[in-house]
Amino acid sequence: MSLLAVGTVAFDALETPFGKAEKVIGGSATYITLAASYFAPKVNLVAVVGYDFTPEHVNTFRQHGIDVEGLQVRQDKKSFFWAGRYHNDMNTRDTLVTELNVLEDFDPVIPESYQDCQVLMLGNLTPSIQATVIHRLKNRPQLVVMDTMNLWISIAFEELKQVLGLVDVLSINDEEARQLTREYSLRLAARRLLEMGPKYVIIKKGEHGALLFSQDKVFFAPALPLEEVFDPTGAGDSFAGGFTGYLARTGDFSFENMKRAVIYGSAMASFCVEKFGPERIMGLSYSEIEERAAQFHELVRIV
Ligand code: AMP
């Protein structure tokens with residue numbers, strides 16, 4: 001099945017307790033498509049970049065077989081820019097800068113060849129643009145997954161609620177789930193989120209793993225206790241890419257298969273944090289990914 005990913009393609013400035021990077025390629029759609037490229041037979045990208053995004057940067061996507069027909073390049077503006085600084089625990093971070101630039105008036109155009117996508121991954125992006133993408137697809141994809149972030153919960157809450165009513169799966173982190181629902185208990189937060197539209201909710205808890213909820217079921221996947229965590233940026237998006245990529249590969253959207261997809265998503269997130277930016281998820285082999293997924297099984301196997 002083919003996967004369509006929409007989100008930001010950006011430049012990031014990152015600061016963690018282990019070092020700094022001034023300008024690395026980032027953005028939700030970058031991590032999603034790179035991670036998904038190891039699984040989905042076809043990955044299509046819809047995003048916008050500015051004049052500072054060179055053909056070599058575009059090649060990063062091509063080298064992973066990602067279709068870039070839907071990547072708009074604007075000559076009059078700079079790319080989306082984000083700067084973040086992590087606290088010592090690496091689970092929390094401060095956003096230092098968000099420059100929307102090309103995102104301010106992004107009009108997502110869906111190429112004709114993307115129209116038949118079966119899985120749609122709406123990466124972190126302005127909620128109204130996420131909604132526009134859904135409306136511009138002639139046929140609703142079989143599975144629509146969305147992610148979001150504290151900024152949009154703060155400044156575009158109403159639009160966000162509308163998109164929530166249109167999707168099948170919401171992927172969100174614990175703090176955002178609490179901010180969105182005003183519930184401290186994640187179980188209650190998940191219930192409120194399920195009431196808002198999605199049939200499934202994934203709550204990511206950073207180094208403490210992820211929870212998958214449906215109306216009547218819960219599944220917990222741990223995160224791999226790693227010796228070295230350099231930079232958590234993009235972990236959530238790599239998770240989403242692995243998750244949706246695996247579902248597009250298998251074409252099975254049952255709760256049981258979603259559990260496997262959560263493990264593959266967690267595996268991609270665990271690779272992502274091992275190096276700065278998306279570097280680590282760029283040159284993986286499928287056998288490395290399978291090996292890592294097996295480590296997750298081993299981690300929680302009792303007998
Ligand atoms: P994550 O660590 O998975 O939350 O994703 C980090 C990525 O999200 C970075 O590469 C940023 O460029 C991108 N990002 C940061 N803020 C936003 C935002 N408000 N909307 C969309 N993407 C963002």
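Quick look at the numbers
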| quantity | calculated |
| --- | --- |
| Search result, residues across segment 164-214 that are out of contact with any strand residue (DSSP E or B) (no Cβ under 7 Å at 6 or more places or on another chain) and of a type in the set (S, T, Y) | T181, Y184, S185 |
| Number of positions in segment 12-65 that are β-branched (V, I, T), under 22 Å from A235 (Cβ atoms) and open to solvent by 10 Å² or more (accessible area, probe 1.4 Å) | 4 |
| Of all residues making up segment 1-17, the number that are part of a strand (DSSP E or B) and within 14 Å of the ligand (Cβ to nearest atom) | 9 |
| Subset of segment 109-130 [in a helix (DSSP H, G or I) and surrounded by 19 or more Cβ atoms within 10 Å (Cβ to Cβ)] | Y114, P127, I129, Q130 |
| Search result, residues across segment 216-268 that are within 16 Å of Y31 (Cβ to Cβ), at pLDDT 95 or above and open to solvent by 20 Å² or more (accessible area, probe 1.4 Å) | A235, G236, D237, Y246, Y264 |
| Segment 73-91 - residue that is in contact with a strand residue (DSSP E or B) (Cβ under 8 Å, 6 or more places away or on another chain) and away from the ligand (no atom under 16 Å from the Cβ) and, of those, farthest from E104 (Cα to Cα) | V73 |
| Failed item in (1) acidic (D, E); (2) under 24 Å from D252 (Cα atoms); (3) within 11 Å of the ligand (Cβ to nearest atom), with D67 passing the rest | (3) |
| Qualifying residue in segment 18-32 (condition: in a loop (DSSP other than H, G, I, E, B) and modelled with pLDDT of 95 or more) | yes |
| F243 touching a helix residue (DSSP H, G or I) at 6+ places or on another chain (Cβ under 7 Å) and within 16 Å of the ligand (Cβ to nearest atom) | yes |
| Test for I134: is it outside any loop (DSSP other than H, G, I, E, B) and away from the ligand (no atom under 16 Å from the Cβ) | yes |
| Output for segment 197-240, where each listed residue is basic (K, R) and within 15 Å of the ligand (Cβ to nearest atom) | K204, K205 |
| Test: residue in segment 181-204 that is farther than 30 Å from P41 by Cβ and touching a residue at least 40 places away in the same chain (Cβ under 8 Å) | no |
| Within segment 182-208, tally of residues that are small (G, A, S) and at pLDDT below 95 | 1 |
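The values are calculated or read from the model by the stated rules, or taken from the named source; none is laboratory data. Treat the numbers as computed from the prediction; the structure is a model and nothing was measured. In this analysis, Cβ positions are derived from the backbone assuming ideal geometry, glycine residues included, and neighbour counts consider all displayed protein chains. Accessible surface areas use protein heavy atoms only, side chains included; no ligands, DNA or RNA. Shrake-Rupley method; radii C 1.70, N 1.55, O 1.52, S 1.80 Å.
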